[in-house]
Amino acid sequence: MALAGGGVSALPRKVAVVGAGDIGSGWAALCAGAGWPVTVFDSDAKVVERALHEVPRRARGLVALERAPQGIVERGLLEFHQGRSLLQTVQDADWIIEAISEDLPAKQRLVESIELVAGPEALLTSSSSGLFPDDVFARSRRQDRCLVAHPLNPPELIPLVELVPGTRTAPAALQRALDYLRSLGRMPIVLKKPLPGYVVGRIAAAVWRECIDLVLAGVIDVGDLDRAVSLGPALGWAAAGPHLTYHLGAGAGGVPLFLQRLLTTFEAWWSNLATWQKLEPEQQRGLIQTIEKAYGGKVEMLRAARDRRLSAILRALEQSRTT
Ligand SMILES: NC(=O)c1ccc[n+]([C@@H]2O[C@H](COP(=O)([O-])OP(=O)(O)OC[C@H]3O[C@@H](n4cnc5c(N)ncnc54)[C@H](O)[C@@H]3O)[C@@H](O)[C@H]2O)c1
């Protein structure tokens, strides 16, 4: 099989996914959906049981959403297996994806255990949403082949993956992760230095805090707030990120003119934005109530509709790139 992204790494003969929750199942669906052999393992037998249905459902969902060809998905699913132990799951894997809960000591212990049984050439990536790679891999003696590959949810649909190398990650391991991800049709970005929450989490947290604040302050209801983001800035950002958006925001004058015209306005807003760092229990209750009132009881239906919209947006973006 040729590498779609023009990379140099051979494709993995086996992918091991450790942690079969939402993200692990998404990674497994993505890899199986590309026809790659995948074995999943979870310390909770019930979760593995669920993943045995969930992964094929999500991989076949990619066919329904026109994100993967049926023949390739079915070929991948023929080689989709449950690992009976950590040893059996990772020992002959070329790529080991850690996707357990966001619990630093647990990840450190798992990395240490994986290292005892993984092959010497295996690549190990962590799905952490924001932990420092040097912390996650602190108990590894082979940090050269370790890095964070942070996906967005659902990983089988959203192409962006944040790669966060640690101080000891070898350039070859980073390149291999880039090659694997591009072969899966992902769009990896590489952070030059780690920060809590990396880049995506920080942006999401900043925007969400303001969104929560606007709802709790009674400025707008949840449905309209969500529309204000997804049909407002997020729609524009899907076509051009914030810097390009503002560079285009003052005609031929570009960003210098934009700043000249609007910087003081933005500065006035910045000084007025929410800055709290804790959501008190009463505010949490208020937020849950208002979100459940807007969307409650229909999670599966809403998720399926969201996935249909996501794949339609991706298709449109892909088509506009080739024309
Ligand atoms: N949920 C998201 O939106 C999202 C997005 C991107 C990244 N992440 C990150 O991905 C990782 C997984 O998140 P999730 O939402 O899938 O969590 P989850 O709670 O749904 O799944 C985690 C799974 O790990 C299993 N587990 C825990 N310790 C284990 C061990 N030692 N060995 C094997 N299995 C073990 C648990 O039984 C559980 O099934 C986290 O690091 C999270 O921060 C989450």
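The values are calculated or read from the model by the stated rules, or taken from the named source; none is laboratory data. Computed from a predicted model, the values in this text were never measured in an experiment. We place every Cβ from the backbone using ideal geometry, glycine too, and count neighbours over all the protein chains shown. Quick note on the areas: whole protein, heavy atoms, side chains included, nothing else; ligands and nucleic acids left out. Shrake-Rupley method; radii C 1.70, N 1.55, O 1.52, S 1.80 Å.
Which stretch or stretches of region 231-257 have amide N atoms under 13 Å from the point lying 7 Å from Leu273's Cα along the Cα→Cβ direction? Residues 242-243 qualify, since their backbone N sits under 13 Å from the label point.
Stretching Tyr295 away from Arg308 to a fully extended chain increases their span by 2.9 nm, per 0.36 nm per residue minus the current alpha-carbon distance.
Given a 1.4 angstrom probe, I'd like the percentage of the accessible area of region 15-190 that is carbon and sulfur, rounded to a whole number. Answer for region 15-190: carbon and sulfur cover 54 percent of the accessible area.
Its Cα centre serving as origin, the chain has a Cβ charge dipole (Lys and Arg +1, Asp and Glu -1) of approximately 540 debye.
Computed from the Cβ-Cβ distance with R0 of 35 Å, the FRET efficiency linking His53 to Leu244 stands at 0.25. Accessible area per residue for region 1-131, computed on protein heavy atoms with a 1.4 Å probe, is 45 Å². Partners of Lys293 within straight-line reach, counting aspartates and glutamates whose Cα lies under 19 Å from its Cα and excluding those fewer than 8 residues away in the same chain: Asp213, Asp221, Asp224, Asp226, Glu282.
Extension gain, Ala316 to Ala252: 0.36 nm times the residue separation minus the Cα-Cα distance gives 20.3 nm. Among residues other than Pro165 whose Cβ falls under 12 Å from its Cβ, what is the net charge (Lys/Arg +1, Asp/Glu -1)? Overall, the nearby charge balance is +2.
When DSSP beta bridges are restricted to pairs lying wholly in the chain, around 20% turn out antiparallel. Over the chain, the pair-distance histogram of Cα-Cα distances with 10 Å bins from zero comes to 5, 22, 31, 25, 13, 3, 0 percent, rounded to whole numbers. Ligands, DNA and RNA aside, Glu292 has an accessible area near 120 Å² when probed at 1.4 Å. For Lys107, list the lysines whose Cα falls under 23 Å from its own Cα; do not include residues on the same chain fewer than 8 positions away. In chain and number order, the partners are Lys14, Lys46, Lys192, Lys193.
Look at where the Cα atoms of region 172-242 and of region 83-156 average out, and the two centres are 24 Å apart. What value, in deg cm²/dmol to 500, does the helix sum -39500 (n - 2.57) over DSSP H runs of n ≥ 4 give at 222 nm once divided by the residues of the chain? Rounded to the nearest 500, the figure is -16500 deg cm²/dmol.
The length gained on full extension between Leu259 and Glu74, counted as 0.36 nm times the residue separation minus their Cα-Cα distance, comes to 61.3 nm. With unit charges on the beta carbon (Lys/Arg positive, Asp/Glu negative), name the residue among Ser128, Leu216, Leu152 whose Cα is farthest towards the positive pole of the charge dipole of the chain. Working it through, the farthest residue towards the positive pole turns out to be Leu152. Give, as ranges by residue number, the residues of region 193-233 whose backbone N falls under 20 Å from the point 7 Å along Cα→Cβ of Asn153. Those under the cut-off are 196-213, 222-223, 226-227, 229-230. Residues with beta-carbon under 13 Å from that of Val219, excluding Val219: net charge, scoring Lys, Arg +1 and Asp, Glu -1? Every neighbour counted, the sum reads -4.
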